[in-house]
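The values are calculated or read from the model by the stated rules, or taken from the named source; none is laboratory data. These figures come from a predicted structure and were not determined experimentally. Cβ placement follows ideal geometry from the backbone for every residue including glycine, while neighbour counts extend to all protein chains displayed. Heavy atoms of the whole protein, side chains included, go into the accessibility calculation; ligands, DNA and RNA do not. Shrake-Rupley method; radii C 1.70, N 1.55, O 1.52, S 1.80 Å.
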Amino acid sequence: MEFYKMREENGPIPSTSSAPSLQIPMSYIHRHGLTFLLDNVPEMVFIKDCEGRYEYMNAAALASLGHERDYLDGRTLTIFDLAPKQVADCIDRLDRRILSNNTNVYDAEEPIAAYDGTTRWYSGTRIILRDEEGAPVGLAGVSRGSPWPSVKKPCAKAMPLSWK
């Protein structure tokens, strides 16, 4: 909100384009704009609390786990409610390691065991969300599929992660 307050104080930005402006109410953009953007990117995006309960997952993240966009609506779910146990174990272990190390992870290669016994690789960034005092309150992350082929190998042997 600080950005919008700053913009209001500085006045409107002059238009440099002759293109017609869109007539979308700002309240709609505030409510739906970011969700609309995140639901239309191929990367998997999530926000969860420190106990692993998802506050948000975009359409790509839910689809990667076989769920519809509105699957989380009104529910309190963890990865164990959304994915097969072996996949959930890998993701939970990764998140717990990040929180216990108290360090954000950027462009990490993440091996995740798939339900068919292969290990799929993802490149991901996970950021620890903090309260005003700096205490961790959750994680936000973005993952994208890796160009590396899947390999037939259990997740436990694919760990530890190779951090860049």
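For a quick check of your reading of the model, give me the residue pairs whose first member lies in the stretch 93-110 and is within 21 Å of Phe80 (Cβ to Cβ), whose second is open to solvent by 40 Å² or more (accessible area, probe 1.4 Å) and among the hydroxyl-bearing types (Ser, Thr, Tyr), with beta-carbon atoms closer than 8 Å and at least 6 apart or on different chains. Partner pairs satisfying both residue conditions: Glu110/Tyr122.
Filtering Arg97, Arg53 for residues that are over 18 Å from Thr35 (Cβ atoms) and open to solvent by less than 70 Å² (accessible area, probe 1.4 Å) leaves a single hit, Arg97. Quick check on the stretch 72-92. Is at least one of its residues under 18 Å from Thr35 (Cβ atoms), touching a residue at least 60 places away in the same chain (Cβ under 8 Å), of a type in the set (D, E, K, R) and open to solvent by 50 Å² or more (accessible area, probe 1.4 Å)? No, the conditions are met nowhere in the stretch 72-92.
Only residues that are assigned to a strand (DSSP E or B), exposed (fewer than 14 other Cβ atoms within 10 Å of the Cβ) and at pLDDT below 90 were counted across the stretch 119-164, and they come to 3. Residues satisfying the criterion are absent from the stretch 30-40 (criterion: over 23 Å from the mean Cα position of the chain (by Cα), among the hydroxyl-bearing types (Ser, Thr, Tyr), loosely packed, with under 15 Cβ neighbours inside 10 Å and at pLDDT below 90).
Among the residues of the stretch 98-118, those identified as outside any helix (DSSP H, G or I) and modelled with pLDDT of 90 or more are Asn102, Thr103, Asn104, Val105, Tyr106. Counting the residues of the stretch 56-66 that are open to solvent by 20 Å² or more (accessible area, probe 1.4 Å) and either among the charged types (D, E, K, R) or touching a Lys or Arg at 6+ places or on another chain (Cβ under 7 Å) (or both) gives 1.
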